[in-house]
Structures are given as structure tokens and as C-alpha cells.
Amino acid sequence: MWKRNGHGYSRTMVDTTHTQQAQGQPLQFYETEEHHPQTGTMLGFWLYLMSDCLIFASLFATYGVLGRSYAGGPTGAELFDLPLVAMNTALLLLSSITYGFAMLEMQKNRVRGTIGWLLITGLFGIGFLSLELYEFAHLIHEGAGPQTSAFLTSFFALVGTHGLHVFFGIVWLVTLCFQLRKHGLIPENKRRVACLSMFWHFLDVVWIGVFTFVYLMGVLV
Amino acid sequence: MSEHHDSVHENHAHEHHGDELPHADFKSYMVGFILSVILTAIPFWIVMGGVFETSSTTALVILGFAAVQIVVHMIYFLHMNFQSEGGWNMLALIFTAVMVFITLAGSLWVMYHLNVNMMPGMMEAIHGP
């Protein structure tokens, strides 16, 4: 029975059972862990993501209210470059599937494969951020910075917040690669990879809202 | 089928990880990816190709595609179901979805009416010609 416990616990259980046997005490077969969520980390992280979702909801609501207040400045139809947005969307979607491959490699307990797919995911993320920064720089250069109109303020706030999340996701991803190289696929690292997977896929879900609500609907007259 | 699969997974979960990590498989990731590509390409094609005459129709259709794609991501990438974490994941998600809906619909509704009522024409209606 004790073999079924997590790796971290089984070792200590082995020790205690041996000492118990040595002292002539009967073996104790009971569950030392709660059967249900063992650490609660995944649930806790999910709750964090849901609260993050509310931040994005308020930013989306702000954009929804102010998105047509151009103040005599340029409109979305004049500014947005849809092929560039399509490219960005493709990069983020590809990074989602490569993260999925990293998860599959992790399930097979392959450290090198996990790190490799994580790094490819990170490259797609960096590609996404570069294109977004290029777009922002281009807009600001054209005089369509965040201070131009309420539309652009809410646009930069929403898309910028998403970009900031992707940036911190990449920082986390690189950190995790070093952790994986140093400690391998220990349960803690597996948990971290699974948490980042949720974070990364969540960012892709938010991006669906961004490209639909901001870019595609923004170019409609 | 899925019930059987889940019970098998639960029995072996402790042996494999010692942590309640979600189970993923190649097929579900690929299905999710292909569906996402299709559900992304169609809205871009609708808008860039100018498929519909009126922009309100286009907006409704692409919002519909976005909603479907979000559900696809939730199922195939985030592995959402009613069993994980004893249903608390799903409960939190439903609660958040309600909050998001209230935030979005409420803001748009209130601010739209505020805008309409702040129109210059309104002042004349109140004070008379």
C-alpha cells in the first residue's frame, strides 16, 4: 500500500516501516495522505488564473466602452495590420501545441525532450513579443501612441497587459529550463511545468478574445 | 469510455507522479490544434475577404467562432472537465464566466445608455425648444 504514495513520501515510509519491523511493531497500512488534492497547487493556480481572467475582463470592458472614441485620431481600420496579427496568432497557437509536446515528453519522463520543446515554445513566444513590440513601435512612430485617444489608451492597456503576461511567461519558462537541467523531472518541477502549461494556454485563450474583439472587430466599419 | 479512462487514471495516478497532474495525450493536443487553426482561419478570412455585407453580421459570426475556440482550448489544451479537483476547477470557471459576462455586458450596456442620454439632442428634449 505504501508503494502507492508519492515518490517523496514512499522513501520515508520505507524507512519507518523498516524501523517498525526492527522494533517488532506491526506494519501499519493506512493512507498518510488525503486521497483528494494532494497539494492543492493546481487548484490554487487555477484560481489565480481565474482572477487574472477578471483583470482581462475589466480591460476588455474598458476597450469595449472606449474602443470607438477616436478623439479625431486614427481609427482601428486605419491602423491595424491584419496579416501581422494573423502571423502573431499563428505564432501563439504554435507555441501552445509545442508546449503540449513538452507536457507529453514530461509524461514519458524525458528531461531533454521536455527542455527542448519548452525552448521551442519560448522561441515562438519571443517571436510573438517581437512582432507585438514592432507593431507598438510602429504605431507610436506614426503618432498613434497611447496618449492620442481613449481608443488607443484602452488598446495599449489591453494588448500591452497581455504582452506583459507573455513576457513573464517566457521568464518563467527560461527559469524552469534551468531548474529542469539542474534537478531533472522531480515532482516539484513536474508541478511547475504543469502550472506554466496552464498559464501559457490561458494566455492563448485571452489572445483569442484580443484578436477577435480588438483587431478583427476593430477594422469593421 | 471516458469514465472508465478516468477511473483507471485515478488508480494509477499515485504510482506515476505523486501529484495530481492532468493527463494529456498526443491525439487530444492535435485535435485541439487542428480545430483551433480552422476556427482562427475562418474569422480572419471572413473579415479580410469581406464575406458578409453588414459589419454587425460579421461581428456576431466572428464572436461566435471565438466562443467556440475558447471552449476548444479549455477542453483540449487546459483539460477542463467536471472531474478534475473534485469539480472545483469547473465551479471556479463557471463563477468567473458569470463575473466576466456581468463585467462586459454591464459595462457596455450602462455606458451605451449613458452615451445616448448625454447626446446634445437630449438637452433640448429636457428644456424644450
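The values are calculated or read from the model by the stated rules, or taken from the named source; none is laboratory data. Note that the structure is a prediction, hence the values are computed from the model and not measured. Note that we place each Cβ from the backbone using ideal geometry, even for glycine, and neighbour counts take in every protein chain shown.
For (1) farther than 27 Å from A:Ser58 by Cα; (2) buried (at least 16 other Cβ atoms within 10 Å of the Cβ), each residue gets a yes or a no:
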residue: A:Met106; (1), (2): yes, yes
residue: A:Ile115; (1), (2): yes, yes
residue: A:Ser130; (1), (2): no, no
residue: A:Phe136; (1), (2): no, yes
residue: A:Leu139; (1), (2): no, yes
residue: A:Leu152; (1), (2): no, yes
residue: A:Phe178; (1), (2): yes, no
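Of the residues making up the stretch B:6-14, at least one is at pLDDT below 95 and either under 24 Å from B:Val100 (Cα atoms) or facing another protein chain (nearest Cβ under 8 Å) (or both).
Please go through the stretch B:80-119 and pick out each residue that is among the hydroxyl-bearing types (Ser, Thr, Tyr) and in contact with a Gly (Cβ under 9 Å, 6 or more places away or on another chain). Within the stretch B:80-119, B:Ser107 is the sole residue that qualifies. The C-beta contact set for the stretch A:94-121 (first residue within 14 Å of another protein chain (Cβ to nearest Cβ), second residue acidic (Asp, Glu) and assigned to a helix (DSSP H, G or I), distance under 7 angstrom, 6+ apart or interchain) comprises A:Ser96/A:Asp204; A:Gly113/A:Glu105; A:Thr114/A:Glu105; A:Trp117/A:Glu105. Within the stretch A:80-91, is there a residue that is surrounded by 12 or more Cβ atoms within 10 Å (Cβ to Cβ) and either modelled with pLDDT under 90 or not in a helix (DSSP H, G or I) (or both)? Looking through the stretch A:80-91, at least one residue is surrounded by 12 or more Cβ atoms within 10 Å (Cβ to Cβ) and either modelled with pLDDT under 90 or not in a helix (DSSP H, G or I) (or both). In the stretch B:73-95, of all residues being aromatic (Phe, Trp, Tyr) and touching a residue at least 40 places away in the same chain (Cβ under 8 Å), the one that is farthest from the other protein chains (Cβ to nearest Cβ) corresponds to B:Tyr76. Look at (1) at pLDDT below 90; (2) surrounded by fewer than 13 Cβ atoms within 10 Å (Cβ to Cβ) and you find that B:Glu20 fails only one, number (2). So which residues in the stretch B:83-125 are modelled with pLDDT of 85 or more and assigned to a loop (DSSP other than H, G, I, E, B)? Hits for the stretch B:83-125: nothing passes.
One residue is enough: does the stretch A:192-210 have a residue meeting the conditions surrounded by fewer than 20 Cβ atoms within 10 Å (Cβ to Cβ), charged (D, E, K, R), within 16 Å of A:Met42 (Cβ to Cβ) and within 10 Å of chain B (Cβ to nearest Cβ)? Checked against the condition, which is being surrounded by fewer than 20 Cβ atoms within 10 Å (Cβ to Cβ), charged (D, E, K, R), within 16 Å of A:Met42 (Cβ to Cβ) and within 10 Å of chain B (Cβ to nearest Cβ), the stretch A:192-210 yields no hits at all.
Any residue in the stretch A:187-203 that is among the acidic types (Asp, Glu), farther than 24 Å from B:Trp45 by Cα and touching a Lys or Arg at 6+ places or on another chain (Cβ under 9 Å)? No.
Of all residues in the stretch B:24-43, those that are more than 7 Å from chain A (Cβ to nearest Cβ), among the small types (Gly, Ala, Ser) and touching a residue at least 12 places away in the same chain (Cβ under 8 Å) total 2. If you go through the stretch B:49-72 and keep only what is farther than 14 Å from B:Gly32 by Cα, free of Cβ contacts under 8 Å to residues at least 12 places away in the same chain and within 7 Å of chain A (Cβ to nearest Cβ), you end up with B:Ser55, B:Ala59, B:Leu63.
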